[in-house]
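Please read the structure below before turning to the comments.
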Amino acid sequence: MRVSYADKVVVITGASSGIGKELAAQLAVQGARLVLADLQEGASVQQADGAPALFIRTDVSQQAGVRYLFDEVRRKGLRIDYFFSNAGISLPMNGASSEDDWTRMLSTNLMSHVRVGRCITELMATGSRPHLVITASASSFLSELTSIGYATTKYATFGYAEWMAFSYRKQGLKVSVACPEAVWTPLIDDIPYLQAGAISVQEAARQMLRGTLEDKFLITTHEGTVEKMQQKYADVDGYVRTIADFREDALRA
Ligand SMILES: NC(=O)c1ccc[n+]([C@@H]2O[C@H](COP(=O)([O-])OP(=O)(O)OC[C@H]3O[C@@H](n4cnc5c(N)ncnc54)[C@H](O)[C@@H]3O)[C@@H](O)[C@H]2O)c1
């Protein structure tokens with residue numbers, strides 16, 4: 001039987017903007033039953049059955065916010081089929097950045113996924129097996145030039161997703177990690193060097209939804225991402241030297 005999102009309960013965090021918003025739009029057309037979560041309310045999304053998607057305002061950087069999201073879903077009597085843990089932020093950061101910046105980045109870009117994963121692991125005890133799709137980034141292996149906090153949290157998120165994927169696979173839990181390169185969203189508004197190679201949110205969301213249905217662990221959205229990763233790991237020392245040169249030019253432009 002062909003797998004599809006029709007009638008599946010799909011939760012998306014960071015659903016009011018960018019990639020999350022577009023995932024919601026495409027999933028609505030494909031007949032999913034949506035639970036949209038974000039700090040800020042976005043435009044209402046109409047599902048294929050005509051009903052508006054459920055919106056839950058919550059802060060997934062906090063344990064209480066993630067717990068609230070799962071509790072609300074349970075209270076509505078919904079059983080989650082797919083969970084897109086997608087919310088993320090970027091702050092310009094360097095080696096001198098403050099504790100506050102690090103705390104914000106770690107709690108949003110890493111701990112949100114850890115807290116979602118904890119709730120999903122607990123749900124497994126009830127027989128539930130939601131497919132967890134974590135939005136990391138190609139920065140998870142290629143790094144990023146303007147934010148040490150972004151680069152570090154995305155590397156860590158990839159490690160977290162990989163561990164969850166191999167440790168729970170035999171128990172039937174599917175885990176995917178989405179690793180887009182640049183995508184046109186407000187996140188890259190202030191990062192000009194990323195804009196040249198940016199793809200549309202529509203294309204990024206299409207690749208993420210397709211990769212998830214194909215049960216891929218690593219989902220990329222741009223041609224050549226895997227080749228770039230392979231080249232880097234074939235010569236990590238060379239990569240660091242090349243990026244040091246490239247960085248000067250890229251940030252000057
Ligand atoms: N845009 C890119 O080039 C790009 C590339 C690779 C990965 N990503 C990743 O994709 C994901 C989505 O980013 P985007 O580009 O769509 O950004 P975006 O800024 O357009 O959307 C992010 C959404 O997440 C929400 N959010 C932020 N913190 C939250 C919190 N604590 N609780 C709940 N919601 C919160 C925001 O309100 C916003 O609606 C992020 O994880 C980002 O790191 C983006």
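Throughout, read-outs are computed from the coordinates displayed, never taken from laboratory work. Owing to the predicted nature of the structure, the values given are computational and were not obtained by experimental measurement. Because the Cβ atoms are built from the backbone with ideal geometry, glycine has one as well, and the counts that use them run over all protein chains shown.
Could you list, in sequence order, the residues of region 174-202 that are of a type in the set (Asp, Glu) and surrounded by fewer than 16 Cβ atoms within 10 Å (Cβ to Cβ)?
Of all residues in region 174-202, those of a type in the set (Asp, Glu) come to 181, 189-190.
Across region 174-202, the qualifying residues are Asp189, Asp190.
Filter region 182-194 for residues that are more than 26 Å from Leu27 (Cα to Cα) and in a helix (DSSP H, G or I); which is nearest to the ligand (Cβ to nearest atom)? I'd like the intermediate steps shown before the answer.
Of all residues in region 182-194, those more than 26 Å from Leu27 (Cα to Cα) come to 190-194.
Remaining after also requiring in a helix (DSSP H, G or I): 192-194.
Numbers: Pro192: 12, Tyr193: 12, Leu194: 6 Å.
Applying the filter and picking the extreme gives Leu194.
Which count do you get for residues in region 83-113 that are within 14 Å of the chain's Cα centre (by Cα) and away from the ligand (no atom under 16 Å from the Cβ)?
Count: 0.
How many of the residues in region 9-24 are assigned to a loop (DSSP other than H, G, I, E, B) and crowded, with 19+ Cβ neighbours inside 10 Å? Even if it seems obvious, please write down each step before you answer.
Going through region 9-24, the residues assigned to a loop (DSSP other than H, G, I, E, B) turn out to be 14-17.
Those still in the list that are crowded, with 19+ Cβ neighbours inside 10 Å too: 14-16.
Within region 9-24, residues that are assigned to a loop (DSSP other than H, G, I, E, B) and crowded, with 19+ Cβ neighbours inside 10 Å number 3.
For Ile148, indicate whether it is closer than 28 Å to Gly95 by Cβ and more than 11 Å from the ligand (Cβ to nearest atom).
yes
Do we have Ala136 as of a type in the set (A, V, I, L, M, F, W, C) and touching a Cys at 6+ places or on another chain (Cβ under 7 Å) here?
On the way: of a type in the set (A, V, I, L, M, F, W, C): yes; touching a Cys at 6+ places or on another chain (Cβ under 7 Å): yes.
So Ala136 fits the description; yes.
Checking the conditions here, which among Ser137, Ser167, Ser147 is over 19 Å from Ala204 (Cα atoms), buried (at least 18 other Cβ atoms within 10 Å of the Cβ) and of a type outside the set (A, V, I, L, M, F, W, C)?
Working: Ser137 fails: over 19 Å from Ala204 (Cα atoms); Ser167 fails: buried (at least 18 other Cβ atoms within 10 Å of the Cβ).
After ruling out the rest, the residue left standing is Ser147.
Might you let me know whether region 195-214 holds any residue that is near the ligand (Cβ under 10 Å from one of its atoms), over 15 Å from Ile19 (Cβ atoms) and more than 15 Å from the chain's Cα centre (by Cα)?
Looking only at region 195-214, we keep the residues that are near the ligand (Cβ under 10 Å from one of its atoms), and these are 195, 197-199, 201, 204-205, 208.
Okay, now just the ones that are also over 15 Å from Ile19 (Cβ atoms), so 195, 197.
With the extra rule that they be more than 15 Å from the chain's Cα centre (by Cα), the set shrinks to 195, 197.
Scanning region 195-214, I find at least one residue that is near the ligand (Cβ under 10 Å from one of its atoms), over 15 Å from Ile19 (Cβ atoms) and more than 15 Å from the chain's Cα centre (by Cα), so the answer is yes.
What single numbered condition from (1) more than 9 Å from the ligand (Cβ to nearest atom); (2) under 23 Å from Asp7 (Cβ atoms) fails to hold for Glu122?
All conditions pass for Glu122, except number (2).
Any residue in region 79-104 that is farther than 17 Å from Ala151 by Cα sitting within a Cβ distance under 9 Å of a residue that is within 11 Å of the ligand (Cβ to nearest atom) and in a loop (DSSP other than H, G, I, E, B)? List the pairs, counting only those 6 or more apart or interchain.
Phe84/Gly14; Phe84/Ala15; Ser85/Gly14; Ser85/Val60
Can you name the helices (runs of 4 or more DSSP H) wholly within region 89-164 that have at least 3 residues being over 14 Å from Val177 (Cβ atoms) and not β-branched (Val, Ile, Thr)?
Working: elements: 99-105, 112-124, 139-142.
Per the criteria, 99-105, 112-124.
Name every residue in region 162-205 that is in contact with a helix residue (DSSP H, G or I) (Cβ under 7 Å, 6 or more places away or on another chain) and farther than 20 Å from Lys228 by Cα, in order of residue number. Break it down into steps so the answer makes sense when it comes.
Applying the first criterion (in contact with a helix residue (DSSP H, G or I) (Cβ under 7 Å, 6 or more places away or on another chain)) to region 162-205 yields 164, 171, 173, 175-188, 193-195, 198, 201-202, 204-205.
Met164, Gln171, Leu173, Val175, Trp184, Thr185, Pro186, Leu187, Ile188, Val201, Gln202, Ala205, listed by residue number.
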